[in-house]
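The values are calculated or read from the model by the stated rules, or taken from the named source; none is laboratory data. Nothing here was measured: the structure is a model prediction, and the numbers come from that model. Glycine also receives a Cβ, built like all others from the backbone with ideal geometry; neighbour counts cover every protein chain displayed. Heads up: the accessible areas ignore ligands, DNA and RNA and are worked out on the full protein's heavy atoms, side chains in. Shrake-Rupley method; radii C 1.70, N 1.55, O 1.52, S 1.80 Å.
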Amino acid sequence: MDAREMKIKAAAAALAHVENGMRLGIGTGSTAEEFVRLLAEKVADGFRVEGVPTSERTARLCVELGVPLKSLDELPELDLTIDGADEVDARLTLIKGGGGALLREKIVAAASSRVIVIADESKLVETLGAFALPIEVNIFGLVATRIAIEKTASKLGLSGSLDLRQSGDGNFTTDGGHYIIDASFGRIPDAEALSSQLNAIPGVVEHGLFLNMAALAIIAGPAGVRELRATR
């Protein structure tokens, strides 16, 4: 299987967990988009769901394919969210935000009774950190916030470049109107400590460490699809 075929296999396996009538959080990214396409086929055949998208990009695809949407204010409690990840470890701790939607993704995940992660085998890691950690920051005080992140990382023994994400000819801007700093820390041995310290920085809106949120990861590889449950 090529990478897209693996994503489709993971998405199809996740779709089996979606029940008729569910209030469903719908993630962002290439794997989540394969899930939306498969979901839309079921909806066209009469399957009923109400979806809450985690980004404007996902919302546009859902509208295009006929998946019914509501806002999170209209559906503040969700049965299930299905989303991708940039990295997944054995405890189902995640790095997310490669698509720039980490704030909305985390809000939707927190509003859900259950979160299922779908990914191809390349996203499964022993220790998080090879993928640069996205940190969503307020535009005001950007330089001060960046310095605070650097100092916080240093206290935890982490170092590496802190790069402001670019898009086209300018800075990437999230759906919420914020910037993203991609922190190339490398190996992150204590995700809980880093999460806590980043949350304490006023200019940090949110970060891409998702702790104790995913109940199940569906991982597709050349040998097939497997399900991983958290070992906490």
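Against the list (1) touching a Cys at 6+ places or on another chain (Cβ under 6 Å); (2) farther than 30 Å from Y179 by Cα, the condition L69 fails is (2). Could you please let me know if V115 is over 12 Å from the mean Cα position of the chain (by Cα), under 19 Å from H17 (Cβ atoms) and β-branched (V, I, T)? The answer is no for V115. Considering every residue within segment 55-66, establish whether at least one is buried (at least 16 other Cβ atoms within 10 Å of the Cβ), within 27 Å of V125 (Cβ to Cβ) and not small (G, A, S). Yes, there is a match, as at least one residue in segment 55-66 is buried (at least 16 other Cβ atoms within 10 Å of the Cβ), within 27 Å of V125 (Cβ to Cβ) and not small (G, A, S). The residues of segment 97-120 that are touching a residue at least 40 places away in the same chain (Cβ under 8 Å), of a type in the set (G, A, S) and either over 27 Å from Q166 (Cα atoms) or not in a strand (DSSP E or B) (or both), listed by number, are G97, G98, G99, G100, A101, A109, A110, A111, S112. Scanning segment 19-39 for residues that are open to solvent by 10 Å² or more (accessible area, probe 1.4 Å), out of contact with any strand residue (DSSP E or B) (no Cβ under 6 Å at 6 or more places or on another chain) and of a type in the set (A, V, I, L, M) yields a count of 1. The residues of segment 71-81 that are open to solvent by less than 40 Å² (accessible area, probe 1.4 Å) and more than 25 Å from V137 (Cα to Cα), listed by number, are L75, L78, L80.
Set side by side, the residues D190, D175 differ, and just one is under 19 Å from L124 (Cα atoms) and acidic (D, E), which is D190. A32 meets the conditions (1) within 14 Å of C62 (Cβ to Cβ); (2) touching a Leu at 6+ places or on another chain (Cβ under 6 Å) in every case but one. The failed one is (2). In this entry, K42 is excluded by the filter for residues that are within 21 Å of M6 (Cα to Cα), touching a residue at least 24 places away in the same chain (Cβ under 8 Å), in contact with a strand residue (DSSP E or B) (Cβ under 6 Å, 6 or more places away or on another chain) and not acidic (D, E). For the residues I107, I116, the requirement of being touching a helix residue (DSSP H, G or I) at 6+ places or on another chain (Cβ under 6 Å) and either closer than 19 Å to S195 by Cβ or not aromatic (F, W, Y) (or both) singles out I116.
Of the numbered criteria (1) over 22 Å from E33 (Cβ atoms); (2) modelled with pLDDT under 95, the one G177 fails is (2).
Looking across segment 90-116, the residues that are open to solvent by 20 Å² or more (accessible area, probe 1.4 Å) and charged (D, E, K, R) come down to R91, R104, K106, R114.
Taking segment 121-232 as the region of interest, the strands (runs of 3 or more DSSP E) fully inside it that hold 3 or more residues being open to solvent by 50 Å² or more (accessible area, probe 1.4 Å) are 224-229.
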